[in-house]
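Remarks on the structure that follows.
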Amino acid sequence: MSYSETSKIKQNKIKSKVVTLPNIQRITCPDCSNNKEFLEISDGVILTTRFIQNSDGSFSQELDDSQVLGQVKFYCGDCGADLTRFHKRFLEMLF
Ligand SMILES: [Zn+2]
């Protein structure tokens, strides 16, 4: 492969990286207009951690399994307004 071919491929790669952002609808608290800090509160969480005992008597953590039994609520981090109706959108935008 010649040098010019290689640079062509590189250019294509850069082009494909450009992503046009769709209309972003930011979650904003209707009470205090906060759009930065939010709280997610989970009810009735069972935390289960599985440990394996090694031959020398020490333990290794094998599995961390948490289970949410209750509701997951979503609040404004500023004034505490219940924004649970935006929670689905929050999960969609969580990376
Ligand atoms: Zn608020």
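Please list, in chain and number order, the residues 5+ apart from S42 or on another chain whose amide H is under 5 Å from its amide H, with Hs placed from the backbone.
Distant-sequence amide H within range of S42: K73.
Within a Cβ distance under 14 Å of V45, other residues only, what is the Lys/Arg minus Asp/Glu net charge? All intermediate terms of the calculation are to be shown ahead of the outcome.
Numbers: positive: K73; negative: E40, D43, D64, D65.
Summing Lys/Arg as +1 and Asp/Glu as -1 gives -3.
Net charge near F86: determine it from the other residues with C-beta under 12 Å of the C-beta of F86, scoring Lys and Arg +1 and Asp and Glu -1. Working shown, then result.
Values: positive: R26, K73, R85, K88, R89; negative: E40, D82, E92.
For residues surrounding F86, the net value is +2.
Report the calculated FRET efficiency for K36 and F95 (r = Cβ-Cβ distance, R0 = 22 Å), to the nearest 0.05. Present the calculation step by step, with values, prior to reporting the outcome.
Numbers: r = 16 Å, r/R0 = 0.75.
Once the sixth-power term is evaluated, E becomes 0.85.
Read-outs: derived from the displayed coordinates by stated rules, not from any lab. These figures come from a predicted structure and were not determined experimentally. Here the Cβ is made from the backbone with ideal geometry for all residues, glycine too, and neighbour counts use every protein chain on show.
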